[in-house]
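Here's the structure, in structure tokens; my notes come after.
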Amino acid sequence: MKVTVFGTGYVGLVQGAVLADVGHDVVCVDIDAAKVAALQAGRIPIHEPGLEPLVHANLAASRLRFTTDAALGVAHGDLLFLAVGTPPDEDGSADLQHVLAVARTIATHMQAPRTLVNKSTVPVGTADRVADAVRAVLAERGASIAFEVVSNPEFLKEGAAVADCMRPDRIVVGTASAAAERQLRELYAPFNRNHDRMVVMDVKSAELTKYAANAMLATKISFINEMAGLAERLGADIEAVRRGIGSDPRIGYHFIYPGAGYGGSCFPKDVKALIHTAQSVGFEPQVLQAVERRNDAQRRVLPERIVAHYGGSLAGRTIAVWGLAFKPDTDDMREAPSRDLLQGLWAAGAQVRAHDPVAMEEARRVFGARADLVLCDTPMQALQGADALAIVTEWKAFRVPDFAQMARLLKDRIVFDGRNLYEPAVLARHGLAYHAIGRPAVLHSA
């Protein structure tokens, strides 16, 4: 099938490359000429495991192309994917300017019937607004051209986006058009062979499904973080509690890891947008508001704990930080808990020595040159001259470090673990004090 994808961010680039890999003829359109030139040359602007070889292979096979020419893209694709950003507006609502701009661009160049597939995460009712925008431009042109607007939300996890796209749990399609449904079934047939993963529903339900899914996952994270805070005060161990409740198949183990709070480009934005949507129709989303409040508080736990340990001031102290990306296997630092941690440490007067396996360049872009930040090439290098260590991202490279070396390098031999990576008894054996989330603290042995 001939497919055009507007937008080459995480969603658009991965979706385009994966569709090309199963044999579809894909053109990706972006307004950033430098980005398009880099992609056409095979240079990938994001860190996503498996994506670079996929793009290279399909560029070489001529099944994947990149362009800034919107007219070419509209002419090429029978299916036109909208995969542009929907950043949060000042009131928390999703900013639809990019989505609607693409819709108007498509309508400007459309010469034959097309199916618009909304892949961006958008509020309920956006498909209607996209259709209105297309109709308005067609009316200005005096053109009568049939089109459909379909909702097909993405459910990709950064760091596993290629695998999620190739082996989807479900393919949600929102449409009332039998013809559009047939097109989407044909498009996704290569991913739908083992059993039918297509879940077809009305457009508004599909739009809400995406937000409801992310809000549910965010709720699980905030819930376990709330239980972690309670466990600390009761003298319980949240890791034992997590295993106990996770063994119940109705709850499961996914997304009940306590930590420094959720971040990234989706959960914070989508929870805010869903709260805004609910309030806009006169519904007070009490659970969602509690989820957001708990996460906001959780993101402050680690910096506040470190500052409190040192008596309210970190002047003259150096804190090592392991992990800057909001999660492993990505270089994405949007809404990353590390940003809250570093700002809290700096506000208290600390120097920071930080390391992340892939997000170093992104950290340089985010923070710029600062006298109180040293970005280190290795985890152990970050510990040199540091008083204590704070762990923010659960990279595999941090899971089994040389604890004896850590104890030698850290002046105060203290680890503040925002991801509960270690067993307290192991650190105690190496003479390291250990402060985790929702677990009894391990203090220095005499």
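The values are calculated or read from the model by the stated rules, or taken from the named source; none is laboratory data. Because the structure is a prediction, the values reported are computed rather than measured. Cβ coordinates were reconstructed from backbone atoms using ideal geometry, including for glycine residues, and neighbour counts include every protein chain displayed. Just the protein is used for accessible areas: all its heavy atoms, side chains included, with ligands, DNA and RNA removed. Shrake-Rupley method; radii C 1.70, N 1.55, O 1.52, S 1.80 Å.
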Can you tell me the 0 to 90 degree angle between the C-alpha axis of helix 126-141 and the longest principal axis of the chain, rounded to 10?
-> 40
Along the stretch 348-359, Karplus-curve 3J(HN,Hα) (6.51, -1.76, 1.60; θ = phi - 60°) to the nearest Hz, with x for Gly and Pro, reads 8, x, 7, 8, 10, 10, 10, 9, 9, x, 9, 9
Would you mind checking which residues have amide H under 5 Å from V173's amide H? H placed 1.01 Å from N; only 5 or more apart, or other chain.
-> V199, V200, M201
When a/c is below 1.5 the answer is rounded, else prolate if a/b is larger than b/c, else oblate, so apply that to the stretch 113-208 with a ≥ b ≥ c taken from the square roots of the Cα gyration tensor eigenvalues.
-> prolate
Pairwise FRET efficiency - S144 versus R399, Cβ, R0 = 41 Å, nearest 0.05 | 0.10
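As an exercise, use a Förster radius of 45 Å and the Cβ-Cβ distance of D78 and A212 to find the FRET efficiency, rounded to the nearest 0.05. Spell out each step's value before the answer.
On the way: r = 30 Å, r/R0 = 0.67.
Once rounded, the FRET efficiency stands at 0.90.
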For helix 178-188, report the angle its Cα long axis makes with the longest principal axis of the Cα atoms of the chain; keep it between 0 and 90° and round to the nearest 10°.
-> 50
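Per DSSP H run of at least 4 residues, take -39500 (n - 2.57); add these up for the chain, divide by its residues and hand me the 222 nm value, nearest 500 deg cm²/dmol. All intermediate terms of the calculation are to be shown ahead of the outcome.
Values: 17 runs with 199 residues, N = 446.
That comes out to -14000 deg cm²/dmol.
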May I ask you to give the solvent-accessible area per residue for the chain, in square angstrom, as obtained with a 1.4 angstrom probe?
-> 43
If packing is taken as the mean number of other Cβ atoms within 10 Å per residue, what is the order of 77-87, 4-14, 97-107, highest first?
-> 4-14, 77-87, 97-107
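Which shape class, rounded, prolate or oblate, goes with the stretch 131-173 when its Cα gyration tensor gives a ≥ b ≥ c as root eigenvalues, a/c under 1.5 marks rounded, and past that a/b bigger than b/c marks prolate?
Prolate, since a/c reaches 1.5 and a/b exceeds b/c.
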Candidates Y434, Y188, Y211; GNM for the chain (alpha-carbon contacts under 10 Å) flags as most fluctuating Y188
So, by mean Cβ neighbours within 10 angstrom, what's the order for 143-154, 170-181 with the highest one leading?
-> 143-154, 170-181
Rank A347, A407, A215 by mean-square fluctuation in a GNM of the chain with C-alpha springs under 10 angstrom and give only the top-ranked residue.
-> A347
Name the residue, out of D377, D270, D296, whose mean-square fluctuation peaks in a Gaussian network model built on the chain with Cα pairs under 10 Å.
-> D377
Separation of the stretch 159-201 and the stretch 45-83 by C-alpha centroid, Å?
-> 19
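Is the shape of the stretch 1-123 best called rounded, prolate or oblate, per the rule: a/c under 1.5 gives rounded, else a/b larger than b/c gives prolate, else oblate, with a ≥ b ≥ c the square roots of the Cα gyration tensor eigenvalues? Show your work: numbers first, answer last.
Working: a/c = 1.82, a/b = 1.23, b/c = 1.48.
Verdict is oblate for the stretch 1-123.
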Could you go through the stretch 212-226 in sequence order and give the Karplus-derived ³J(HN,Hα) for each residue, using 6.51 cos²θ - 1.76 cosθ + 1.60 with θ = phi - 60°, rounded to whole Hz, and x for Gly and Pro?
-> 5, 5, 5, 5, 5, 5, 4, 5, 4, 5, 5, 5, 5, 5, 5
What list of ³J(HN,Hα) couplings, whole Hz, do you get for the stretch 255-263 from phi and the Karplus terms 6.51, -1.76, 1.60, once you set θ to phi - 60° and write x for glycine and proline?
-> 6, 10, 9, x, x, 8, x, 8, x
Out of (1) 160; (2) 184; (3) 140, which label holds the value of volume of the Cα convex hull per residue in Å³ that was computed here?
-> (1)
Quick numbers on the stretch 331-427, Rg and Dmax over C-alpha atoms in Å, give 13.1, 39
The percentage of the accessible area of the chain (probe 1.4 Å, all protein chains present) made up of carbon and sulfur atoms, to the nearest whole number, is 53
